[in-house]
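**Q** Input: one structure, supplied below.
The values are calculated or read from the model by the stated rules, or taken from the named source; none is laboratory data. What you see is a predicted model; the values in this text were computed from it and never measured. A quick note on method: Cβ atoms are made from the backbone with ideal geometry, for glycine too, and the neighbour counts reach across all protein chains shown.
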């Protein structure tokens, strides 16, 4: 309900004319001429019959006449009913007006049958139309970082276009900054009156109550010392006072879950409940594309969060998935009901094992332990090793493998090493070299010493286990070398828990190669014996990695292969060489931020495709031709972004490893409203700031006009009076 | 020549007026061809059951083939009692004369006529009591003049009539009961009244009077305004007999007033006629001599 306001209150004096019919009525009643009458008995009888009807008729006539006069007088005074938040219609001069429409993510909230943004937009258009011809205006959409507003102008057509074309964004909003930008623009207008009208959902996250109130600087050219003007601020509440409850997925974390088997992953979603009532039984689902892999339910306390874990087995490769909660039926912000994620699921590796010392006796076969370690059963099918003996390998094609293991192989010929070199350096194939009796350090250095992390020096015998057998004691075992220093921080050893580490250190090595120093210092010893000699050395050659193990992978020189710790180290080594150990999905971006995408060596970024599939504008950094191609894009909406690369040769293709997801700012999901009283205080007090549920209300003198209904009432009264007097 | 009331009113005292009316009646009577015939038989009375057979005039029978009884001095001495209503409502009359004045003129003329033919005339002025009166009269009788036929008596009748003022409530029944008592033998009672009796006892009293074998004649006097109800402006009607009053819009109640009045008049006429009371409705704007002429002609005709 509202207040009654009169546009022309002077006409209310017409109500004084009500005195006329009342006077006539009284006059009629007081004027009877006295007459002494003989047949008064009959007069009495007739009068009694009609007295009630007459009185009623008289009263009715009086009422109708009064209604007629009152109706006309009131109608002329133009009363209207003002809705909530109205201010007295103070006549002010023309005002330069800045219309700010909140276009942030929270304005996409579905409230009733309408989206908040649609309501704000129509209110803004109506407010623009209601401006006087002498009131310039400027319009801005507030989302993300506010751009400077143009100075107020009279070009209504252009401003209307801006509003009509406006769409809500996925960005956050900072209304305080937008208002600051608005006052700067208003300062450029010479019109004395200044007004800001903001159409927003009044969410607390968009308004900073500790900021100073907006003040319009004096226009350029004013004498110095002119004070800043406090504008009148109207905040039109697009939600019209209602609370806006919302549930959202605010975080997603993906990690491997060994319990689900190979390629098993757990997705832990954090769900927030931004409402005053707790939610129970909210459905949560994990989807890859159109397929739902897992479902569950979660209870979330009011104004709190809950975590829900969903597990699934993912396909290999770059997997883009999404966690979603059920969409609220009656109202809610749908855009934050899900979050995307990407995860690199290690692909199957094709491994070539070159067996330099094959043996009919399996346990003596050099590749026996490696084969066992890489067996599909042990690696969940991820690794498919192909075992060839050295002779066969010399002529076999080496392409198509991710990792090549040379186990106690005689120094290969140039043809082989050239192929190997090309694969490692240019194609990123991983190389594992282990030694044995067939290895001649000098021959190795000549053949492919450049590939090895460090050149070989000579073979050292720490102890002779055979001698133990002859002697019948275990003194050799005691003299055997053990692993001393372990680079536990290396990804290779991440799988080792504290208990497992003991097992690694217990391995005894009797014979191993000593290495020459590495002049570049780029190699790194991941595992060393207790005498300081390196056991496992890594190096990078071009695109590929190389691991050199200075002993045997059979139990010829060491008993490590029979130990428990051998298996995981070998598996991890192979993974690491293939690069899949570190293959992590690129971190997600937040909508609104910029993202830099770097192309792999030798290719260019052709396009970055948004979630809808359309390409985004790219900003290419000018860098040296040697450096990798990098572009930066602005991320406007949530979802999966794919990167198309143009390699040196061949057609452009999508590079899954470069794809990334963009997520919404979880702050925008909390639509709790700012405290109106505090907001008004911050903006400058009730005199200059008000919150209304519609712009019309705030402008005053524009409520529901009642004069039409009053005039109609008056006309009906006239008709009624005429009918009665005719009878 | 008709003496219209306006003219009569200008004639001054009641005696003059009454005499004038009487003369008018007589003139009319003489002029009437019917009546001319009956003058000869003025001294005969038609035989009525109960009359003495020995008084039948056989010669008249032989001539006229009707039984006539000779009127002897005694029997032709009719006793006629004039009862004039002098209640408040009778004082109404904004025209030439009030109902009471009109009634008095008629009564006076009748007194003249009756005395002239040797009948004894008595008078009752009906109304509330006369203040300061020494006579002990029953309620409803303001003044009573016993029967006599001398001209001096007629003058006294006229004097009393002239002095009567219309006031007080109507109580005709009291006067009529007294009339019944005083008339004793079969006589004639002429009642001149508007019958505006809220107690509604007048009509039964009239009926009772007739029931005692008196010859009852009612001249129902009504003012023209009472008959037409010509008023327009809002009026405060005041009663003439008590302190009742009512504000009314005459235009709005006219129809229903006339309805009520008509009903009253018809009911009265029907009841009285059924009771064999001679009923004559007399608007007071009619010439009184005409009224009496018609009345007498009718009686003579039936005699």
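**Q** Report yes if some residue within region B:93-115 is at pLDDT 90 or above, surrounded by 13 or more Cβ atoms within 10 Å (Cβ to Cβ) and within 19 Å of residue B:206 (Cα to Cα); otherwise report no.
**A** Yes, region B:93-115 contains a residue that is at pLDDT 90 or above, surrounded by 13 or more Cβ atoms within 10 Å (Cβ to Cβ) and within 19 Å of residue B:206 (Cα to Cα).
**Q** Against the condition modelled with pLDDT under 90 and over 30 Å from residue B:51 (Cα atoms), how does residue B:210 come out, does it pass?
**A** Taking the combined requirement at face value, the residue does not satisfy it.
**Q** Still on this structure: Just to check your reading of the model, which residue among B:261, B:195 is modelled with pLDDT of 90 or more and under 19 Å from the mean Cα position of the chain (by Cα)?
**A** Unique residue meeting the criteria: B:195.
**Q** A further question on this structure: Can you say whether residue A:539 is in contact (Cβ under 8 Å) with a residue 24 or more places away in the chain, in contact with a strand residue (DSSP E or B) (Cβ under 9 Å, 6 or more places away or on another chain), closer than 26 Å to residue A:429 by Cβ and not in a helix (DSSP H, G or I), as far as the supplied structure shows?
**A** Yes.
**Q** Looking only at residues that are farther than 11 Å from residue B:126 by Cβ and more than 14 Å from chain A (Cβ to nearest Cβ) in region B:185-200, which one is surrounded by the fewest Cβ atoms within 10 Å (Cβ to Cβ)?
**A** Per the stated criteria, the residue is B:185.
**Q** If you scan region B:243-273, which residues turn out to be more than 9 Å from chain A (Cβ to nearest Cβ) and not in a helix (DSSP H, G or I)?
**A** Once the filter is applied, which keeps residues that are more than 9 Å from chain A (Cβ to nearest Cβ) and not in a helix (DSSP H, G or I), region B:243-273 yields only B:243.
**Q** Quick one: in region A:422-442, of everything that is part of a helix (DSSP H, G or I) and in contact (Cβ under 8 Å) with a residue 40 or more places away in the chain, which residue is farthest from residue A:395 (Cα to Cα)?
**A** A:441
**Q** Could you run through region A:413-424 and say how many residues are within 13 Å of residue A:446 (Cβ to Cβ) and out of contact with any helix residue (DSSP H, G or I) (no Cβ under 6 Å at 6 or more places or on another chain)?
**A** 2
**Q** Let me ask another. Go through (1) surrounded by fewer than 16 Cβ atoms within 10 Å (Cβ to Cβ); (2) touching a residue at least 40 places away in the same chain (Cβ under 8 Å); (3) in a loop (DSSP other than H, G, I, E, B) one by one and return the number of the condition residue A:189 breaks.
**A** (1)
The rows are residues; the columns are (1) farther than 14 Å from residue B:246 by Cβ; (2) part of a helix (DSSP H, G or I); (3) at pLDDT 75 or above; (4) within 11 Å of chain B (Cβ to nearest Cβ).
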{"site": "A:27", "(1), (2), (3), (4)": "yes, yes, no, yes"}
{"site": "A:36", "(1), (2), (3), (4)": "no, no, yes, yes"}
{"site": "A:43", "(1), (2), (3), (4)": "no, yes, yes, yes"}
{"site": "A:49", "(1), (2), (3), (4)": "no, yes, no, yes"}
{"site": "A:59", "(1), (2), (3), (4)": "yes, yes, yes, no"}
{"site": "A:63", "(1), (2), (3), (4)": "yes, yes, yes, no"}
{"site": "A:68", "(1), (2), (3), (4)": "yes, yes, yes, no"}
{"site": "A:72", "(1), (2), (3), (4)": "yes, yes, yes, no"}
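**Q** Need a quick list: helices (runs of 4 or more DSSP H) entirely within region B:83-184 having at least 3 residues that are within 14 Å of chain A (Cβ to nearest Cβ), within 18 Å of the chain's Cα centre (by Cα) and within 27 Å of residue B:23 (Cβ to Cβ).
**A** B:99-116
**Q** Look through A:343, A:354, A:319 and report the one residue that is surrounded by 21 or more Cβ atoms within 10 Å (Cβ to Cβ), modelled with pLDDT of 85 or more and part of a strand (DSSP E or B).
**A** A:354
**Q** If you check residue B:209 against the conditions, is it outside any strand (DSSP E or B), in contact with a strand residue (DSSP E or B) (Cβ under 6 Å, 6 or more places away or on another chain) and more than 8 Å from chain A (Cβ to nearest Cβ)?
**A** yes
**Q** So which of A:681, A:627, A:651, A:607 is closer than 30 Å to residue A:317 by Cβ and outside any loop (DSSP other than H, G, I, E, B)?
**A** Unique residue meeting the criteria: A:607.
**Q** Just give me the residues in region A:661-678 being assigned to a strand (DSSP E or B) and buried (at least 21 other Cβ atoms within 10 Å of the Cβ), in sequence order.
**A** Of everything in region A:661-678, those that are assigned to a strand (DSSP E or B) and buried (at least 21 other Cβ atoms within 10 Å of the Cβ) turn out to be A:661, A:662, A:663.
**Q** Picking from B:285, B:289, B:276, which residue would you name as being closer than 22 Å to residue B:94 by Cα, more than 9 Å from chain A (Cβ to nearest Cβ), part of a loop (DSSP other than H, G, I, E, B) and in contact with a helix residue (DSSP H, G or I) (Cβ under 7 Å, 6 or more places away or on another chain)?
**A** B:285
**Q** Would you check if residue A:149 is within 27 Å of residue A:334 (Cα to Cα) and not in a helix (DSSP H, G or I)?
**A** No, not satisfied.
**Q** Specify the residue that is farthest from the other protein chains (Cβ to nearest Cβ); the eligible residues are those in region B:212-233 that are surrounded by fewer than 18 Cβ atoms within 10 Å (Cβ to Cβ) and in a loop (DSSP other than H, G, I, E, B).
**A** B:213
**Q** Which of the residues spanning region A:268-293 are surrounded by 12 or more Cβ atoms within 10 Å (Cβ to Cβ) and outside any strand (DSSP E or B)?
**A** The answer is A:275, A:278.
**Q** All but one of (1) touching a helix residue (DSSP H, G or I) at 6+ places or on another chain (Cβ under 9 Å); (2) in contact (Cβ under 8 Å) with a residue 12 or more places away in the chain hold for residue A:397, so report the exception by its number.
**A** (2)
**Q** Just one of the numbered conditions (1) buried (at least 18 other Cβ atoms within 10 Å of the Cβ); (2) more than 8 Å from chain B (Cβ to nearest Cβ); (3) at pLDDT 70 or above is not true of residue A:82; which one?
**A** Single failed check for residue A:82: (3).
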